Amino acid sequence: MEIRHINEKDDFQQIREIYEKSWQFAYKGIIPQDYLDNIPKSKWGGNILKNGRTEIAAFDNGRAVGTASFCSSRWEKFASCGEIVTIYLLPEYIGQGLGSRLLKACIEELELLGFTTILIWVLDDNYRARRFYERHGFVKTEEYMNDVIGGKELREVMYLWRK
């Protein structure tokens with residue numbers, strides 16, 4: 001398994017597929033099923049390498065099977081923090097330690113950029129993801145934001161990791 005930065009030579013369709021299948025698996029029962037079943041193909045990947053984030057992927061025998069992205073915090077209130085924006089895996093790779101490896105790679109690169117505090121937003125109802133981050137030292141804060149996905153109001157909670 002190789003983890004490295006995504007580049008222009010990579011197959012962005014494979015990256016889009018990770019987002020789509022991950023959402024359909026991870027958010028089942030959280031986001032309306034009709035929305036998950038009909039995610040427009042154009043929703044994913046249009047901003048790959050164009051959104052100001054550093055994007056990495058895990059490759060298994062040359063096939064992208066997981067992806068993550070990070071940047072300086074997108075939130076003015078938390079400007080001194082690094083932010084992990086995404087970590088997504090193909091469902092068949094969940095539970096094999098790959099998410100931990102992607103998370104570790106994000107943290108290491110953000111530390112190299114000088115960040116000692118890292119935030120991530122997690123859907124409040126996504127208990128699997130919340131447990132994952134908690135096992136890796138992230139602590140739930142009192143910060144939250146409301147979002148609407150697929151016509152459903154959802155709450156995102158912020159987790160922090162400190163060096």
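The values are calculated or read from the model by the stated rules, or taken from the named source; none is laboratory data. Predicted model only: the values in this text are computed from it and were never measured. Neighbour counts run over all protein chains shown; Cβ positions are idealised from the backbone, glycine included. For accessibility, only protein heavy atoms count, side chains too; no ligands or nucleic acids. Shrake-Rupley method; radii C 1.70, N 1.55, O 1.52, S 1.80 Å.
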Once you put a point 7 Å from the Cα of Phe25 and another 7 Å from the Cα of Glu108, both along the Cβ direction, what distance in nm separates them?
2.3
If we sort 148-157, 59-68 on the protection proxy, mean other Cβ atoms within 10 Å, highest first, what's the order?
59-68, 148-157
Multiplying the sequence separation of Tyr127 and Ala79 by 0.36 nm and subtracting their Cα-Cα distance, what value in nm do you get?
14.6 nm
What ³J(HN,Hα) values, in whole Hz, does the Karplus curve 6.51 cos²θ - 1.76 cosθ + 1.60 give for the range 82-95 when θ = phi - 60°, with x put for Gly and Pro?
x, 9, 8, 8, 9, 9, 9, 10, 4, x, 6, 9, 5, x
Computed label-point distance, nm, for sites Asn7 and Asn146 using a 7 Å Cα→Cβ extension
4.6
Please give the calculated 222 nm ellipticity per residue for the chain, where each DSSP H segment of at least 4 residues contributes -39500 (n - 2.57) and the sum is spread over every residue; nearest 500 deg cm²/dmol?
-8000 deg cm²/dmol
Using a 1.4 Å probe, how large is the accessible area of Phe78, given in Å² and rounded to the nearest 10?
30
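How much of the accessible area of the chain, in percent, comes from carbon and sulfur atoms when a 1.4 Å probe is used?
46
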Once label points are set 7 Å from the Cα along Cα→Cβ at both Arg63 and Gln33, what is their separation, rounded to one decimal in nm?
2.7
Phi angles of the range 49-63, converted by Karplus (6.51 cos²θ - 1.76 cosθ + 1.60, θ = phi - 60°) into ³J(HN,Hα) in whole Hz with x for Gly and Pro, give 6, 10, 10, x, 9, 8, 10, 10, 8, 9, 10, 10, 6, x, 9
Going by amide H atoms built from the backbone, whose H comes under 5 Å of the H on Val85, apart from near neighbours?
Ser69, Phe70, Cys71
Residue-normalised accessible area of the range 19-79, expressed per residue, 1.4 Å probe, Å²:
53
Once phi is turned into ³J(HN,Hα) by the Karplus curve 6.51 cos²θ - 1.76 cosθ + 1.60 with θ = phi - 60°, what whole-Hz value does each residue of the range 138-143 show in order, with x for glycine and proline?
7, 10, 5, 9, 8, 6
